[in-house]
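The values are calculated or read from the model by the stated rules, or taken from the named source; none is laboratory data. Quick caveat: nothing in here was measured; it's all calculated off a predicted structure. Every residue, glycine as well, gets a Cβ built from its backbone with ideal geometry; the counts of neighbours run over all protein chains shown. The accessibility values were calculated without ligands, DNA or RNA, using every heavy atom of the protein model including side chains. Shrake-Rupley method; radii C 1.70, N 1.55, O 1.52, S 1.80 Å.
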Amino acid sequence: MLKLYIGRNAGRTVCLTLPASYEEVDKALAEFGDARPEAPVLIQEARTSVPYLEGRLKGFSFEEKENRQELSFLARRIRYLTQTEQDVFSAVLRMEEPETLSEVINLSYNLDQYERIPHGTDQSELSRMMLKKDKGIEVPAEIAGFLDHERVSSAYFLRHKGEFSPSGLVLKKEGAVPEEVYGNGRHIHPGYEKGGLILLHLYQKGYRSPYGDYALSVPAPRERIALAREHFGVENLDGFGFYTSFVGREDLTDYLPAGLGAEEINRAATFFMEEVLDGTEERLQQLYAVLEAECPRTLEEALEAAGNLMDYRLCPEGVDSPQEYVHHILEDSEVYYLDGFIEQFVDMDRMAKALMEETGAVETSHGIVTSDKWRFREFSGDLVTTRLFSPVQGEFFEEDEWGNMGETPSVLDGRDLMQYASAIQERINEEDWSHEGDRGLAVYLDNQLLKQRVVSMFPGIEEVSGCLYGVMTVVSRGGLLPQELGTVMESWSGQASDGWGEGFEQREFQEEGGILYVRFWQPEDSFEILPEDVFLDRIRQSSGPQMGGM
């Protein structure tokens, strides 16, 4: 929370709580008019949950647009700091005395350059620590109790920065190098944290905002998870929907089992950061490759594969395809020999497939992975077909007697569209899938693990009880788990609204008396995508199809 009192010199002030809307800011500034333009509107006083910040803000011009933007960002940034972090932030501000708002914001992203010694820490132990940091002296524990803590502290603070906060003593780490995170054209979210693997934008399902309700940078410590829970007033975040954003790296959630909740993803990210990753991009890419190759279906399986990362081998750079793998293997093979002349007579694709099966190699989007001990990579040989039903809707622009199209269309439900079923099916049959091949919309699945299990996804229509419905036919290697099917349905909903369905909706159907447009998605809350068994059961229990939903 950041509450400002703005005004001209010592005159009347107006209270404004940030973050605020453009209308609220404009209204506050309008209170002062242009009577004394030579006296700028300044921050006369501030109230915030970060001690000492109040004094640093006093005197900044509120009329400058850049200042207002930075103040708004700062207010949102404070929202994502735990109470302990706010206390440390306060001590850091006293140490560094920042002069600009940008410097203030950047310090909030560099709290990792400082360490906190909680209140109640034994003074003899604290003295030992200070002497070691200051002089490199290791004081024996047997005489630590005889150290003069005040003298040790005074000597330490002559050469090192440190301040007390409500949560304890805050010391600047030796060799600390703050990183510029905010400013110079960088666009970051206030909830972003340095070193985070992913930023989850959480929202309550059914109430999604285009900007998300709350951002959680993972891995997140327990106190920050508690802060997010407190924001929503819940005991667990796994039931919340989310979308992701990231800075300079791929989306971690694309390499985790489909359908995990926010706290499960945080558990995975924490394990990866603490037990697997070493700070190099190479290790991160290896982790992605192994997860994609093993294709775990549960969080426990994913953690086990990651924990045994050294049991897997990633082929050298340049060996990215099965054909390149063949030549890579043949270089050291005592069994196979292939020279340039013979190669022209060899079915390289068949040979590559045979060699990869023989050596236990798996092609991934991050290269080819081999292992002497595959743990979870098992796919059923049976292909399973799952059909998903959802309502379709049409808009008919009627032609008047002079041949002009009306501006307001008639909305048609699935029953109304039955008369156009043949034309709609014909148009679907004419769809160009040359780019997607025989996989259809399955190529657009974001989750790299689910993408391996789903063979194809193709949209269509079907009549049920005298009403037309949209049908997505999904073919998978073995049956899909409920959470996997849920992710497929989310993907189809996205394709119906913003992908394939958006394009199909823009195609004209020239019909007698006007033009018809057909959409596979509607913005109504009643819109649902249901598996076939659930859908048919719903139809049997209802009195009949309903407008917009099912």
Can you tell me which residues in the range 126-168 are exposed (fewer than 14 other Cβ atoms within 10 Å of the Cβ), in a loop (DSSP other than H, G, I, E, B) and at negative phi?
137, 138, 140, 148, 166
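Let's see how each residue does on (1) over 17 Å from residue 490 (Cβ atoms); (2) out of contact with any Ser or Thr (no Cβ under 8 Å at 6 or more places or on another chain); (3) hydrophobic (A, V, I, L, M, F, W, C):
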residue	(1), (2), (3)
238	no, yes, no
244	no, no, no
249	yes, yes, no
258	no, no, yes
274	yes, yes, no
282	yes, yes, no
State yes or no: is residue 317 more than 26 Å from residue 85 (Cα to Cα) and either aliphatic (A, V, I, L, M) or open to solvent by 10 Å² or more (accessible area, probe 1.4 Å) (or both)?
yes
Restricting attention to the range 171-189, and to residues there that are touching a residue at least 60 places away in the same chain (Cβ under 8 Å) and in a loop (DSSP other than H, G, I, E, B), which single residue is least open to solvent (accessible area, probe 1.4 Å)?
181
Near pairs, Cβ below 8 angstrom, 6+ apart or cross-chain, from the range 366-384 (on the phi > 0 side of the Ramachandran plot) to any residue that is in a loop (DSSP other than H, G, I, E, B) and surrounded by fewer than 16 Cβ atoms within 10 Å (Cβ to Cβ)
367/317
Of the residues in the range 462-485, those that are of a type in the set (Ser, Thr, Tyr) and open to solvent by 40 Å² or more (accessible area, probe 1.4 Å) come to 465, 473
Can you say whether residue 421 is small (Gly, Ala, Ser), in contact (Cβ under 8 Å) with a residue 40 or more places away in the chain, open to solvent by less than 30 Å² (accessible area, probe 1.4 Å) and outside any loop (DSSP other than H, G, I, E, B), as far as the supplied structure shows?
yes
Any idea how many residues of the range 109-125 are in a helix (DSSP H, G or I) and surrounded by 18 or more Cβ atoms within 10 Å (Cβ to Cβ)?
1
Which one of the conditions (1) open to solvent by less than 20 Å² (accessible area, probe 1.4 Å); (2) in a helix (DSSP H, G or I) does residue 69 fail to meet, given that it meets all the rest?
(1)
Checked the range 214-239 for anything of a type in the set (Val, Ile, Thr) and within 13 Å of the chain's Cα centre (by Cα); matches are 218
Looking at the range 270-283, can you tell me whether even one residue there is surrounded by fewer than 20 Cβ atoms within 10 Å (Cβ to Cβ), part of a helix (DSSP H, G or I), within 14 Å of the chain's Cα centre (by Cα) and touching a residue at least 12 places away in the same chain (Cβ under 8 Å)?
no
Examine the range 79-87 for a residue that is part of a loop (DSSP other than H, G, I, E, B), among the aliphatic types (A, V, I, L, M) and modelled with pLDDT under 95, and state whether such a residue exists.
no
When you check residue 260 against the structure, is it under 19 Å from residue 487 (Cα atoms) and open to solvent by less than 10 Å² (accessible area, probe 1.4 Å), yes or no?
no
Flag if residue 127 is without any contact (Cβ under 8 Å) to a residue 60 or more places away in the chain and small (Gly, Ala, Ser):
yes
So which of 378, 358 ends up being part of a helix (DSSP H, G or I), of a type outside the set (A, V, I, L, M, F, W, C) and either open to solvent by less than 30 Å² (accessible area, probe 1.4 Å) or modelled with pLDDT under 90 (or both)?
358
Among the residues of the range 432-450 satisfying the criterion of being part of a loop (DSSP other than H, G, I, E, B) and without any contact (Cβ under 8 Å) to a residue 60 or more places away in the chain, which is least open to solvent (accessible area, probe 1.4 Å)?
445
Only residues that are under 22 Å from the mean Cα position of the chain (by Cα) and either among the aliphatic types (A, V, I, L, M) or farther than 17 Å from residue 534 by Cα (or both): list them for the range 467-486, please.
485
Neighbours by Cβ (under 8 Å, 6+ apart or cross-chain): first from the range 501-521, at positive phi and crowded, with 19+ Cβ neighbours inside 10 Å; second in a strand (DSSP E or B) and among the charged types (D, E, K, R)
none
Please name all residue pairs, on different chains or six or more residues apart, with Cβ atoms under 6 Å, provided the first residue is in the range 149-170 and is in contact (Cβ under 8 Å) with a residue 24 or more places away in the chain and within 17 Å of residue 94 (Cα to Cα) and the second residue is assigned to a strand (DSSP E or B) and among the aliphatic types (A, V, I, L, M).
162/171; 163/170; 168/117; 169/117
Is there a residue being of a type in the set (S, T, N, Q) and modelled with pLDDT under 75 anywhere in the range 296-308?
no
For the range 388-411, state whether one or more residues are open to solvent by less than 60 Å² (accessible area, probe 1.4 Å), among the β-branched types (Val, Ile, Thr) and not in a loop (DSSP other than H, G, I, E, B).
no
Which condition number in (1) among the β-branched types (Val, Ile, Thr); (2) surrounded by fewer than 20 Cβ atoms within 10 Å (Cβ to Cβ); (3) under 24 Å from residue 367 (Cα atoms); (4) within 18 Å of the chain's Cα centre (by Cα) is the one that residue 298 fails?
(4)
Determine, yes or no, whether residue 468 is out of contact with any His (no Cβ under 9 Å at 6 or more places or on another chain), part of a loop (DSSP other than H, G, I, E, B) and among the aliphatic types (A, V, I, L, M).
no
Exactly one condition in (1) surrounded by 14 or more Cβ atoms within 10 Å (Cβ to Cβ); (2) under 29 Å from residue 378 (Cα atoms) is false for residue 224; which is it?
(2)
